[in-house]
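The values are calculated or read from the model by the stated rules, or taken from the named source; none is laboratory data. In this text the structure is predicted, and so the values were computed from the model without any measurement. Cβ atoms come from the backbone with ideal geometry, glycine included; neighbour counts cover every protein chain shown.
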Amino acid sequence: MTQDLATTLEERGSRYGSFADHAAIAQNLQLAMRGTDTAPTKWAYLSPDMAQALTTIADKIARILNGDPTYLDNWHDIAGYAVLVEQRLEKEAGNA
C-alpha cells in the first residue's frame with residue numbers, strides 16, 4: 001500500500017469511523033429500504049435514479065451515524081441527491 005493511500009484511509013477513518021461499522025449500518029439501512037415480508041416497501045417501483053439516490057443517501061446517513069455527525073459535506077450531499085430526483089420529476093411533470 002502506498003503512503004498516499006494509507007494517509008487517505010487514515011483520514012477517512014477519523015472522519016467516518018471504521019469502514020466495517022459503516023458498512024454494517026449502511027447495509028441495514030438498505031435492507032430496510034428494500035423491505036421485508038413483514039415490512040414491505042415500494043422499492044421495486046422506484047426508477048433507477050430514485051433507487052440510486054436513496055442508496056447513496058443511506059450511505060451518507062451511515063457516515064453520519066458512524067462518524068462525525070457535524071461534517072457538513074454529508075448533509076449537503078444528502079440534499080443534493082434528493083434535489084437531482086426532484087429536478088427530474090419536475091421536468092417530467094412540465095414544471096421545470
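Numbers at a glance
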| item | result |
| --- | --- |
| Residue within segment 40-47 that is surrounded by 10 or more Cβ atoms within 10 Å (Cβ to Cβ), at pLDDT 95 or above, touching a Lys or Arg at 6+ places or on another chain (Cβ under 6 Å) and not hydroxyl-bearing (S, T, Y) present | yes |
| Residue within segment 83-93 that is closer than 22 Å to S14 by Cα and β-branched (V, I, T) present | no |
| Filter result for G35 (touching a Phe, Trp or Tyr at 6+ places or on another chain (Cβ under 8 Å) and either under 30 Å from R12 (Cβ atoms) or exposed (fewer than 14 other Cβ atoms within 10 Å of the Cβ) (or both)) | yes |
